[in-house]
Amino acid sequence: MDDRLLDLTEAQEATKAKYPPINKKYEYLDHTADVQIHSWGESLEEAFEQCAMGMFGYMTDTETVEPLDTVDMESKGDDMESLLFHFLDDWLYKFNADPFFVPREIKVLNIDRMRFRIRSIGWGEEFSLAKHPQGTEVKAITYSAMQIHDKEKPEIFTIIDI
């Protein structure tokens, strides 16, 4: 095995061992051309968090991310679906814009269901191919087949364009 690859693997494993494992409450469902994320949680806030982390989990192994920096985010929508769309799109923008932020964890601080606002915070670092394995690029968030179920066990279904 190439020494550089071995060093990268060792560094990734060291990062994973340094922090507690990530509690993943999401899965990827089959879709013809894109990826559908199914996320859930004990609250709608947690289902939103898990949906965003599912998106980042498709782009890299988030367990290799160190929580070195903090990003605050406020997103706005016109209804719950557009709020979810803008929440994911705003986080995707942070990944695609300088300094290419990738979170290890996102926490939703508040969802205002009346004014369709969401405040969240992410802990992570700048994405680096030298440190983080490259997954599949997420090009965009879609409204296609988007579902938000805010019942006894909240869950979300959303499709991301890859």
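Taking the range 30-51, which residues are more than 17 Å from D150 (Cα to Cα), aliphatic (A, V, I, L, M) and either at pLDDT 95 or above or surrounded by 13 or more Cβ atoms within 10 Å (Cβ to Cβ) (or both)? Talk me through it step by step, then tell me what you get.
Restricting attention to the range 30-51, the residues satisfying the condition of being more than 17 Å from D150 (Cα to Cα) are 30-36.
Adding the requirement that they be aliphatic (A, V, I, L, M) leaves 33, 35.
Listed by number, the list holds a single entry, V35.
Filtering the range 130-147 down to residues that are of a type in the set (A, V, I, L, M, F, W, C) and in contact with a Phe, Trp or Tyr (Cβ under 8 Å, 6 or more places away or on another chain), which residue is surrounded by the fewest Cβ atoms within 10 Å (Cβ to Cβ)?
In this case the residue turns out to be A145.
Which of the residues belonging to the range 13-29 are in a loop (DSSP other than H, G, I, E, B) and open to solvent by less than 60 Å² (accessible area, probe 1.4 Å)? It would help to see each step written out before you state the result.
Just the residues of the range 13-29 that are in a loop (DSSP other than H, G, I, E, B), to begin with: 19-25.
Of everything in the range 13-29, those that are in a loop (DSSP other than H, G, I, E, B) and open to solvent by less than 60 Å² (accessible area, probe 1.4 Å) turn out to be Y19, I22, K25.
Inspect the range 77-97 for any residue being at pLDDT 95 or above, surrounded by fewer than 18 Cβ atoms within 10 Å (Cβ to Cβ), among the small types (G, A, S) and under 22 Å from Q36 (Cβ atoms) and give the result as yes or no.
So far as the range 77-97 goes, yes, one or more of its residues are at pLDDT 95 or above, surrounded by fewer than 18 Cβ atoms within 10 Å (Cβ to Cβ), among the small types (G, A, S) and under 22 Å from Q36 (Cβ atoms).
I'd like the full set of residues that are touching a helix residue (DSSP H, G or I) at 6+ places or on another chain (Cβ under 9 Å), open to solvent by less than 80 Å² (accessible area, probe 1.4 Å) and not aromatic (F, W, Y), limited to the range 113-129.
Those that are touching a helix residue (DSSP H, G or I) at 6+ places or on another chain (Cβ under 9 Å), open to solvent by less than 80 Å² (accessible area, probe 1.4 Å) and not aromatic (F, W, Y): R117, I118, S120, G122, G124.
Considering only residues that are over 30 Å from K151 (Cβ atoms) and either among the aliphatic types (A, V, I, L, M) or touching a strand residue (DSSP E or B) at 6+ places or on another chain (Cβ under 6 Å) (or both), which ones fall in the range 12-29? Spell out how you get there, then give the answer.
In the first step, residues of the range 12-29 are kept if they are over 30 Å from K151 (Cβ atoms); the result is 12-19.
A14, A17 - these are the residues of the range 12-29 that are over 30 Å from K151 (Cβ atoms) and either among the aliphatic types (A, V, I, L, M) or touching a strand residue (DSSP E or B) at 6+ places or on another chain (Cβ under 6 Å) (or both).
The values are calculated or read from the model by the stated rules, or taken from the named source; none is laboratory data. The shown structure was predicted, so the numbers you read here are calculated from the model rather than taken from an experiment. Please note: Cβ atoms are built from the backbone with ideal geometry, for glycine as well, and neighbour counts cover all protein chains shown. The protein model used for the area step is the full one, side chains on, heavy atoms only, and it has no ligands, DNA or RNA in it. Shrake-Rupley method; radii C 1.70, N 1.55, O 1.52, S 1.80 Å.
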